1. Among the helices (runs of 4 or more DSSP H) confined wholly to the range 60-179, which include 2 or more residues that are without any contact (Cβ under 8 Å) to a residue 60 or more places away in the chain and buried (at least 16 other Cβ atoms within 10 Å of the Cβ)?
2. Under 7 Å between Cβ atoms, at least 6 apart or on separate chains: pull out the pairs that start in the range 22-40 with a residue that is touching a residue at least 40 places away in the same chain (Cβ under 8 Å) and at negative phi and end on any residue that is surrounded by fewer than 15 Cβ atoms within 10 Å (Cβ to Cβ) and assigned to a loop (DSSP other than H, G, I, E, B).
3. Suppose we keep only residues that are out of contact with any helix residue (DSSP H, G or I) (no Cβ under 6 Å at 6 or more places or on another chain) and closer than 12 Å to residue 104 by Cα within the range 29-44. Which one would you say is surrounded by the fewest Cβ atoms within 10 Å (Cβ to Cβ)?
4. Starting from residues that are in a loop (DSSP other than H, G, I, E, B) and in contact with a strand residue (DSSP E or B) (Cβ under 9 Å, 6 or more places away or on another chain), keep the ones in the range 45-59 and report whichever is surrounded by the fewest Cβ atoms within 10 Å (Cβ to Cβ).
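Nothing in this text is a laboratory measurement; each read-out follows from the coordinates by a stated rule. Owing to the predicted nature of the structure, the values given are computational and were not obtained by experimental measurement. No Cβ is skipped: glycine too gets one built from the backbone with ideal geometry, and neighbour counts run over all protein chains shown.
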């Protein structure tokens, strides 16, 4: 569970996130973080948040952002606003760390998604890009579907895959194993 000033570091991607205001600090209204993207980080999969909006302020370095198919680089002082349902990805394509203030409205379970994904990477349960094996990825996406969705495949295809794979999630014990990352 996140708390004020908690820091999580993803061993695979190098991203560092410090919680400034967790969902419990704001009664679920907002999650505020400071995220550091290491130099030349890789572009993560395009994704969207179905009912959340995000605000980013670049504090230092340079952040590259893809919104839909448009790529733009942002410098310190830049503000980025991502609307609910808008497909996007962010990474640092420069030789210096990029630091951003990151606010998510409402918080929903975003901090738990981030902690679980980071925990999986730190336990070496992901590839070098921080992506879990397919069945574990399906479980993660199904669990946090209210706050995080991949842009591809379509939501309909994802839901069909989740339904087919659900018995395997149970047999593999994912719920119990992934709970440990939320402390």
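1. Per the criteria, 134-143, 155-172.
2. What qualifies is 22/3; 22/4; 39/95; 39/96.
3. 29
4. Of everything passing the filter in the range 45-59, 45 is surrounded by the fewest Cβ atoms within 10 Å (Cβ to Cβ).
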